[in-house]
Amino acid sequence: MSWTKLSSRIVFENPWMRVLEDHVINPGGGENLYGHVHFRNLAVGILPIDDEDHTWLVGQQRYTLGEYSWELPMGGAPLDEEPLAAAKRELKEETGLTAARWTELIRLHTSNSITDEAAVVYVAESLTPGESDTEETEDLTVRRLPLEAAVAMVLDGRITDAISVAALLKAALARTRSVP
């Protein structure tokens, strides 16, 4: 048996997301409430890699966590925008970098038990530096470091952002063996 939605109500809504509470029949046949978040954007992440095999991370205080977080450059693409266009915009805004070559690295769902948020991450190469243009809500520290050092930050727990973790580990794995 699959899930059956009996009714749904909006608990909260803003331009970026909608929080819903659904009255459902679960796969076991019982009735319960299921809260979930619907995002109005696709998350886009960027793994910039230069000719010296270095990457860029952005660090910022994350309100929801109450702590500082190191992450790949990323942002949101409205659902009617081409994700690659949003990735190019976010890379420029957050790091000042532009890239001549873009390759999709990974698609994922960030926390599929409570949200429908989807993400796509691109590798950006053939990089050109420039000026960043961060948003008012962003107080970012930009850090260039060897790609293997960023992977080490994942392995020792200094990077915990799900999109960053998945992308960095996939990139590292792809370098050690042939991964489609």
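The values are calculated or read from the model by the stated rules, or taken from the named source; none is laboratory data. Everything numeric in this text was worked out from a predicted model, so none of it was measured. Quick reminder, even Gly has a Cβ in these numbers, built from the backbone with ideal geometry, and neighbours come from all protein chains shown.
Residues that are more than 14 Å from Glu71 (Cβ to Cβ), in contact (Cβ under 8 Å) with a residue 40 or more places away in the chain and in contact with a Gly (Cβ under 7 Å, 6 or more places away or on another chain): does region 123-144 have at least one? Within region 123-144, one or more residues are more than 14 Å from Glu71 (Cβ to Cβ), in contact (Cβ under 8 Å) with a residue 40 or more places away in the chain and in contact with a Gly (Cβ under 7 Å, 6 or more places away or on another chain). Filtered by the rule that a residue be in contact (Cβ under 8 Å) with a residue 24 or more places away in the chain, within 21 Å of the chain's Cα centre (by Cα) and surrounded by 10 or more Cβ atoms within 10 Å (Cβ to Cβ), region 7-19 gives a lone residue, Trp16. A count restricted to region 147-180 and to residues that are loosely packed, with under 12 Cβ neighbours inside 10 Å and of a type in the set (Gly, Ala, Ser) stands at 2.
Within region 10-65, the residues that satisfy the criterion of being within 30 Å of Arg101 (Cα to Cα) and among the aliphatic types (A, V, I, L, M) are Leu42, Ala43, Val44, Ile46, Leu47, Ile49, Leu57, Val58.
Annotation note: of Pro78, Pro129, the sole residue that is over 17 Å from Val44 (Cβ atoms), modelled with pLDDT under 95 and assigned by TED's automatic domain parsing to the domain that holds Asp50 is Pro129. Looking only at region 20-46, residues that are charged (D, E, K, R) and under 15 Å from the mean Cα position of the chain (by Cα) come to 1 in all.
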